[in-house]
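For reference, the structure discussed in these notes is given below.
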Amino acid sequence: MALFIVHHEYAPDTCPARDPDKAMELLNHLSRPSAARCGVQIKAEAVAQGSHSLILIAEAADEAVLDAYLAPFREAGQVKVTVATSWAAVVSGGACDASPMDMLLDPADACQDALEAGLLIHRVHPLNGETSVPDLAGGAVMPNGRFYLRNHFDIPNLDGDAYRLSVGGMVERPLSLCMRELHNLRAESRVVTLECAGNGRSFFDPAVPGEPWGVGAVSTAEWTGVPLMEVLERAGLRSGATELIFRGADSGLVDGHDTPIRFERGLSLDQVRETGALLAYEMNGEPLSSPHGYPLRLIVPGWYAVTSVKWLTEIVVTDQPCEAYYQAEKYWFHWARNGRDERAPVELMNVRALISSPDEGERLPLGETAIRGVAWSGVGCISRVDVSLNGGSWREARLIGEQRPSSWQWWELITRLDETGPLMVRARATDMAGRTQPERAEWNRLGYGNNSIHSVLAHVI
């Protein structure tokens, strides 16, 4: 469908509104059902007060279809049709006069879908958007459309019928599996929380480079697919095999490299066994969408989401650690400690709690109220969540629902508000390993792993 702007002008003495019958005829013709019968979708219409013109934004298969629909308007005045595009397309293209980019998936369409789902967009090209914190409130999983998006390159639009997963390297039987063969293998479903390693980056001081995430780059879904170890066992691991490299279909240019690179990440075999990694083809009971990795995505429970490679096309078994760009050069903690530079790889998620209710700036009535949120950890289940109001003592919240080691935990504290004025709500989580959120996360050069205690300022009225 193409997008058009229609400008309909008429002389003051021939204004269609002067003739009630003609006015009603045009008004009915302008209705959404009437336009749809003509193959046109009216997105918006407006008449500027005091003018003699009508502006339409419409979609049609082509300009000929639109022209046929506009015949009654041409009889009443002049009609000018301009080919248009969406604002998302303008932003993704970099300018109003930019020509369409040769993309696997139209960035404007993907952006528009994310906007309509309610994501807060940080970047269109590549598409990155976070879930609004109030939207975290609800069920055990996040609806697919509201699940945050983190992409490093343009979104591939793979053909599921032609898709093949290659498993090679140090294996006895190299594999090339189609989706039908993967669906025929034993399937598992797991509820897993994924968090971007840069979640909370915008709160580091001094500021650090990278996507300026708030705290909404985290979501939970039920993932269904084949246990990774089952596929590896079918391939047969050779003696000495210790490492795995996972390659996605996405690629692009990065700083310091003259040619495009593939997105690649690595795990050791021991790490795969410990996490129970999954080759997922469904998300919340539906096939993966293209923005979330269709047709196959690696899911690594407990680890920051960079390791859960989307659009997975290759698995290479080797005896050497992965040295790819997003393994060796990015996704490392870099600290300056005691005058020395130290670093460690970004792996397991830090323990963390978020307040979903009240929202920042929300006005609360006097009396009983519920403070709610979610908490998670990459090490194991959440053991407790504590809440402080206006700097008072920490009070233990009630944990709600089943405890899952790889999924977030709902919590709530029912309290009474007896005084009007500002209300500072703070929440901190502790996991089964005894890790507790710090007052202030340690600053690092690339802004990873910020799990500082979450605070929200509301107002009691």
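The values are calculated or read from the model by the stated rules, or taken from the named source; none is laboratory data. Computed from a prediction, not measured in an experiment: that's the story for all the values here. Using ideal geometry, Cβ is built from the backbone for each residue, glycine included, and neighbour counts are taken over all protein chains shown.
One residue is enough: does the range 232-244 have a residue meeting the conditions of a type outside the set (Lys, Arg), closer than 21 Å to residue 176 by Cα and surrounded by 22 or more Cβ atoms within 10 Å (Cβ to Cβ)?
yes
Out of curiosity, is residue 149 out of contact with any Ser or Thr (no Cβ under 7 Å at 6 or more places or on another chain), modelled with pLDDT of 80 or more and either of a type in the set (A, V, I, L, M, F, W, C) or surrounded by fewer than 22 Cβ atoms within 10 Å (Cβ to Cβ) (or both)?
Yes.
In the range 232-255, what residues are assigned to a loop (DSSP other than H, G, I, E, B) and either more than 20 Å from residue 306 (Cα to Cα) or of a type in the set (A, V, I, L, M) (or both)?
Listed by number, the residues that qualify are 236, 238, 239, 240, 241, 242, 253, 254.
Name the strands (runs of 3 or more DSSP E) wholly inside the range 319-381 in which the number of residues that are under 18 Å from residue 214 (Cα atoms) and at pLDDT 95 or above is 2 or more.
Of the strands (runs of 3 or more DSSP E) lying wholly inside the range 319-381, those with at least 2 residues that are under 18 Å from residue 214 (Cα atoms) and at pLDDT 95 or above span 352-357, 367-376.
Condition check ((1) hydrophobic (A, V, I, L, M, F, W, C); (2) crowded, with 16+ Cβ neighbours inside 10 Å; (3) within 21 Å of the chain's Cα centre (by Cα); (4) not assigned by TED's automatic domain parsing to the domain that holds residue 283) across all residues:
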site: 301; (1), (2), (3), (4): no, yes, yes, no
site: 306; (1), (2), (3), (4): yes, yes, yes, no
site: 312; (1), (2), (3), (4): yes, yes, yes, no
site: 316; (1), (2), (3), (4): yes, yes, no, no
site: 323; (1), (2), (3), (4): no, no, no, no
site: 337; (1), (2), (3), (4): no, no, no, yes
site: 361; (1), (2), (3), (4): no, no, no, yes
site: 367; (1), (2), (3), (4): no, no, no, yes
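Could you say which residue among 394, 376 is closer than 19 Å to residue 275 by Cα and either surrounded by 14 or more Cβ atoms within 10 Å (Cβ to Cβ) or touching a residue at least 12 places away in the same chain (Cβ under 8 Å) (or both)?
Answer to the selection: 376.
For residue 419, state whether it is touching a residue at least 12 places away in the same chain (Cβ under 8 Å), closer than 28 Å to residue 338 by Cα, surrounded by fewer than 22 Cβ atoms within 10 Å (Cβ to Cβ) and acidic (Asp, Glu).
Considered against the rule, which asks whether it is touching a residue at least 12 places away in the same chain (Cβ under 8 Å), closer than 28 Å to residue 338 by Cα, surrounded by fewer than 22 Cβ atoms within 10 Å (Cβ to Cβ) and acidic (Asp, Glu), residue 419 comes out as no.
Can you say whether residue 414 is among the β-branched types (Val, Ile, Thr) and either in a loop (DSSP other than H, G, I, E, B) or under 26 Å from the mean Cα position of the chain (by Cα) (or both), as far as the supplied structure shows?
No.
Restricting attention to the range 198-207, report how many residues are buried (at least 18 other Cβ atoms within 10 Å of the Cβ) and not small (Gly, Ala, Ser).
So the answer is 3.
Pick from the range 26-46 the residues that are more than 40 Å from the chain's Cα centre (by Cα) and within 16 Å of residue 10 (Cα to Cα): which of them is modelled with the lowest pLDDT?
27
Taking interchain pairs and intrachain pairs at least six residues apart, which have beta carbon atoms under 7 angstrom, with the first residue in the range 114-129 and over 18 Å from residue 202 (Cα atoms) and the second of a type in the set (Lys, Arg)?
Close Cβ pairs (under 7 Å, with a partner that is of a type in the set (Lys, Arg)) amount to 117/146; 118/146.
Give the residue that is modelled with the lowest pLDDT, with candidates limited to residues of the range 113-139 that are of a type in the set (D, E, K, R) and closer than 26 Å to residue 401 by Cα.
135
Only one residue in 57, 5 is in contact with a Ser or Thr (Cβ under 8 Å, 6 or more places away or on another chain), closer than 21 Å to residue 112 by Cα and modelled with pLDDT of 85 or more, so which one is that?
Answer to the check: 5.
Report whether or not residue 439 is without any contact (Cβ under 8 Å) to a residue 24 or more places away in the chain and either among the aromatic types (Phe, Trp, Tyr) or outside the structural domain of residue 199 (by TED's automatic domain parsing) (or both).
When the stated conditions are applied, residue 439 passes them.
Among the listed residues 239, 251, which satisfies the condition of being small (Gly, Ala, Ser) and free of Cβ contacts under 8 Å to residues at least 24 places away in the same chain?
The match here is 239.
For the range 253-285, give me each residue that is over 22 Å from residue 148 (Cβ atoms) and basic (Lys, Arg).
Within the range 253-285, 262, 273 qualify.
Inside the range 256-309, can you point out the residues that are within 26 Å of residue 377 (Cβ to Cβ) and part of a helix (DSSP H, G or I)?
269, 270, 271, 272, 273, 274, 275, 292, 305, 306, 307
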